[in-house]
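The values are calculated or read from the model by the stated rules, or taken from the named source; none is laboratory data. These numbers were taken from a predicted model, which means no experiment stands behind them. Virtual Cβ from ideal backbone geometry, glycine too; neighbours counted across all protein chains shown.
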Ligand SMILES: Cc1ncc(COP(=O)(O)O)c(C=O)c1O
């Protein structure tokens, strides 16, 4: 049974440098959480209705709004995904244009698909020497706004999975000068308002709608998230209309009480725990300065590549060719097998470790000692680092509305024969969940190579069926 496997795993010494942010600590930062079955109810008298909250849930969400400084906040029980779908569909009518960063999570593309939107992309800078996306430059957003007429809203992700923050304040001002709203996917930044060493939250920078996954970086159960509105450009009723479409009509009270407890804890006693966590992080960064071969992301990246700020809670390591040329998955695998440390994700060139205020001193120490050992072996195994420019292929759109390509007749062809064809599907590397290909985009040989490379490294690539991909006739 699944539960037996989970219980067994929970009793091992594998340490989670991944979500959820509660790090499997039963305390959840509050008081001990009861057996979930004993508090799992439905919308009975006195317990309100999330789709039409007027009682205990409304009071709890209004309290959350006061903590975050929003006009309204809503609890989300199917992750940021439900919030992103609702926000985009509420802000942009079918057939209209949305200016979105091409490095958006698949949830945003699903909104584009179900609402038949016409995306106009802005491309974040690429940090070529590291093979990751930088920030979205306000100048790039401005250029698109000046070029394209009738854009209804701007959508960006800040921070990215790797913790890269864009200049949200400037982008919000641009949006407002054009009379349109800015939606920010801050799924990875729910902790931002609660610590001094974290970047400023998008809501405080003037974004109109901000979506945060509590479960990613704070002590709350998986699937729990929150959406904030602070805007005169869209009504709460319009947003709520879509929340009732994209959220379950039987929301889990276990999830809802986890959100309520998390927000209250963060607004209260959690503040002290955040301070201790920030000190731990700061000590960790000081001590990794001793690493000689493993590169890592730090604040030196700020001010370049459109990077306005960086979230220190994300520990991102770029191994040189210590076993293979692209050794992110290799690093994650050695840490798992030999040291029982589980990374959040590994891409071609890096491995990412997620931390939260629930991480222990011991957890940080184990990671540090493992990295020191690997760093020393890297010299013996590979000698010189194999650096170089890592391009990220940028496909061009042949069909303006992805939904049109998604619904159009297609055929399956071998990936190796797909160059030159137009994609009839999303191809998504997971994690991080950003589409390499969107329906309607032209496939080239650089793209097929990139997809193959990810597959060979054992990274999950959604949208490829066996060795085939759906293309348009
Ligand atoms: C940038 C980003 N946005 C949105 C999401 C979706 O969040 P959730 O899993 O809470 O639905 C993710 C998930 O990994 C993400 O990385």
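At a glance:
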quantity: Whichever residue in the stretch 189-246 is part of a strand (DSSP E or B) and away from the ligand (no atom under 14 Å from the Cβ) and, among such residues, is nearest to residue 19 (Cα to Cα); calculated: 228
quantity: Single residue of 310, 336, 290 found to be more than 23 Å from the chain's Cα centre (by Cα) and touching a residue at least 12 places away in the same chain (Cβ under 8 Å); calculated: 290
quantity: Filter result (in contact with a helix residue (DSSP H, G or I) (Cβ under 9 Å, 6 or more places away or on another chain) and buried (at least 24 other Cβ atoms within 10 Å of the Cβ)) within the stretch 142-164; calculated: 153, 154, 155, 156, 157, 158, 159, 164
quantity: Residue that is modelled with pLDDT under 95 and either buried (at least 20 other Cβ atoms within 10 Å of the Cβ) or touching a strand residue (DSSP E or B) at 6+ places or on another chain (Cβ under 8 Å) (or both), where the choices are 449, 409; calculated: 409
quantity: Scope the stretch 177-204; condition closer than 20 Å to residue 142 by Cα and out of contact with any strand residue (DSSP E or B) (no Cβ under 8 Å at 6 or more places or on another chain); matching residues; calculated: 177, 179
quantity: Residues being buried (at least 17 other Cβ atoms within 10 Å of the Cβ) and in a helix (DSSP H, G or I) - total across the stretch 281-310; calculated: 4
quantity: Unique match (being within 30 Å of residue 86 (Cα to Cα) and in contact with a strand residue (DSSP E or B) (Cβ under 8 Å, 6 or more places away or on another chain)) among 313, 249; calculated: 313
quantity: Tally, over the stretch 86-106, of residues that are more than 23 Å from residue 206 (Cβ to Cβ) and near the ligand (Cβ under 10 Å from one of its atoms); calculated: 1
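Yes or no, residue by residue, for (1) touching a residue at least 40 places away in the same chain (Cβ under 8 Å); (2) part of a loop (DSSP other than H, G, I, E, B); (3) crowded, with 17+ Cβ neighbours inside 10 Å:
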| position | (1), (2), (3) |
| --- | --- |
| 23 | yes, yes, yes |
| 38 | no, no, no |
| 44 | no, yes, no |
| 59 | no, no, no |
| 66 | no, no, no |
| 85 | yes, no, yes |
